[in-house]
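These notes are about the structure you will find just below.
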Amino acid sequence: MKLADIAVMHERTFSFHCSTCGKCCNSSPLLTMAELFRHQDRFIGCLSLRRVHPSHPDARELAAMLGHVLPGGDSLMLAIQGVDYPSLAACPALGDDNLCTIHATRPTTCAVVPLDAWTPDALQSAVLASRRNGAAYIGADCISEGMRDGYQELVRHGRITSPAYAAALAQRRAVEAAEKAEWGNAVFRLLLPELLAAPGGIAALPVEGYRTLALAPVLAVIAAGSEPDRLRCLAFIDAQVALIRRHAAAAIARKQPVDRPVTATLRGFEAVLLSLAVRLREGQAVTITT
Ligand code: SF4
Ligand code: SF4
């Protein structure tokens, strides 16, 4: 975004009212590993890699706090992402009544909706302007430019003016920074040489492009921490393999062509997780192949 555009955005005020219609819960959220462990029987997790090119000073500061610097200066954001089937178009935690079935323990990223924790506060107006017109929000009418009866002010003059949302953003960024320290830095060091060398790897990933991998590198790093961590990761792999098999069987029964690539991806994740489990059970050193 150009500085002139940012200056215009700063002047804009946005307000928000959630009617709990569930339209934005149309896919699995980002999670922390702690959240995924807690919900290991509901969400299938993968490691998501996103390349960003932060140009605003606040964006560079946030990328340094949450991301990893790539050769050339771009940042790589590592995150745990839930995987779901496109034909379902719903988060696995969304109930038939369109309410979240795990509201009390929902991922911290859900509490910042409709804001984005990876965007600095000064640019949240642009997020809201974009999401107001986005597919998930069309028909929901939950984001309004300016103040409106029954809506709470979220953003004004480049600041988050809702104390609840400011706190939710701060919490989400804090847990992401903690995860970066717990496993993110080690996973980045582990993966970078292979990702840089691989054809179609990070070097070929465009800015704002995504790539997803099985969770094996994250689990290998966590399992190396202690014996309870190793056992926790093994129990998690058992739960994820069972969940993948249930989801894949249901997808095959639905016979939706749009779901087939996801089933193939999940089968690949299953094979990688089972291979990791063998090595973790035997106490072998774990090498990672992306
Ligand atoms: S789309 Fe808007 S109104 Fe509907 S649940 Fe999401 S935030 Fe709330
Ligand atoms: S976990 Fe709950 S709030 Fe978050 S996307 Fe899923 S249904 Fe929506």
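What is the set of long-range amide H partners of LEU215 at a cut-off below 5 Å, with H atoms built 1.01 Å from backbone N?
Placed amide hydrogens put LEU47 under 5 Å from LEU215.
Tell me, what is a quarter of the convex hull surface for the C-alpha atoms of the stretch 1-123, in nm² with one decimal? Please list the in-between numbers first.
Working: hull surface 37.3 nm².
Across all orientations, the stretch 1-123 yields a mean hull projection of 9.3 nm².
Taking the chain as the reference, fit the longest principal axis to its C-alpha atoms, fit the long axis of helix 163-179 to the helix C-alpha atoms, and give the angle between the two in degrees, 0 to 90, nearest 10.
Once rounded, the angle reads 30 degrees.
If you place +1 on the Cβ of every Lys and Arg and -1 on the Cβ of every Asp and Glu, how big does the dipole about the Cα centre of the chain come out, in debye to the nearest 20? Could the numbers behind the result be given before it?
Details: 29 positive and 27 negative charges, 99 e Å.
Computed charge dipole of the chain: roughly 480 debye.
At a Förster radius of 45 Å, what calculated FRET efficiency corresponds to the Cβ-Cβ distance of ARG159 and LEU196, to the nearest 0.05? Don't jump to the answer; show the numbers that get you there.
Values: r = 39 Å, r/R0 = 0.86.
Efficiency for this residue pair is about 0.70.
What is the distance in Å between the Cα centroid of the stretch 250-282 and that of the stretch 136-175?
37 Å
Residues with amide H under 5 Å of THR161's amide H, sequence separation 5 or more or different chain, H placed in the peptide plane at 1.01 Å from N; which?
VAL155, ARG156
Show the residues, 5+ positions off or on another chain, whose built amide H is closer than 5 Å to the amide H of GLY134.
Amide H neighbours of GLY134, under 5 Å, 5+ apart: none.
If you take the square roots of the eigenvalues of the alpha-carbon gyration tensor of the stretch 67-170 and sort them as a ≥ b ≥ c, do you get rounded (a/c under 1.5), prolate (a/b over b/c) or oblate? Please list the in-between numbers first.
Values: a/c = 1.63, a/b = 1.03, b/c = 1.59.
Oblate.
Got a sec? Charge dipole of the stretch 49-193, +1 on Cβ for Lys and Arg, -1 for Asp and Glu; which of ALA186, ALA174, LEU128 is way out at the positive end?
Result: ALA186.
Pairwise over distinct Cα atoms, reciprocal of the mean inverse distance: report the Kirkwood radius of the stretch 3-281 in Å, one decimal place. Before the final figure, lay out the partial values.
On the way: mean 1/r = 0.0497 Å⁻¹.
Radius from the Kirkwood sum: 20.1 Å.
Using a simple spin-label model with points 7 Å from Cα along the Cα→Cβ vector, what separation in nm is obtained for HIS56 and ASP238?
So the label points at HIS56 and ASP238 sit 4.7 nm apart.
When the helices in the chain are scored as -39500 (n - 2.57) per DSSP H run of 4 or longer and the sum is shared across all residues, what 222 nm value do you end up with, to the nearest 500 deg cm²/dmol? Don't skip to the answer; put the middle values down first.
Values: 9 runs with 121 residues, N = 290.
Dividing the helical sum by the residues of the chain leaves -13500 deg cm²/dmol.
For the stretch 180-290, give the magnitude of the charge dipole about the Cα centre (Cβ charges: +1 Lys/Arg, -1 Asp/Glu; no others), in debye to the nearest 20. Kindly include the intermediate steps, with their values, before the conclusion.
On the way: 13 positive and 9 negative charges, 77 e Å.
With only Lys, Arg, Asp and Glu charged at Cβ, the dipole is about 360 debye.
Could you grab the relative contact order for the chain? Cα pairs under 8 Å, six or more apart, rounded to a whole percent. Don't skip to the end; give the middle numbers.
Values: 405 pairs, mean separation 75.3, N = 290.
Across the chain, relative contact order equals 26 percent.
Using the Cα centre of the chain as origin and beta-carbon charges of +1 (Lys, Arg) and -1 (Asp, Glu), tell me which of CYS46, LEU196, ALA251 is placed farthest towards the positive end of the dipole.
Checking the options against the dipole of the chain, the answer is ALA251.
Given Cβ point charges of +1 (Lys, Arg) and -1 (Asp, Glu) and nothing else, what value in debye, to the nearest 20, does the dipole of the stretch 8-147 about its Cα centre take? Please list the in-between numbers first.
On the way: 10 positive and 13 negative charges, 35 e Å.
It works out to roughly 160 debye.
The numbers here are math on the coordinates, done by the rules we state, and not lab data. None of the values given here were measured: they were computed from a predicted structure. A quick note on method: Cβ atoms are made from the backbone with ideal geometry, for glycine too, and the neighbour counts reach across all protein chains shown.
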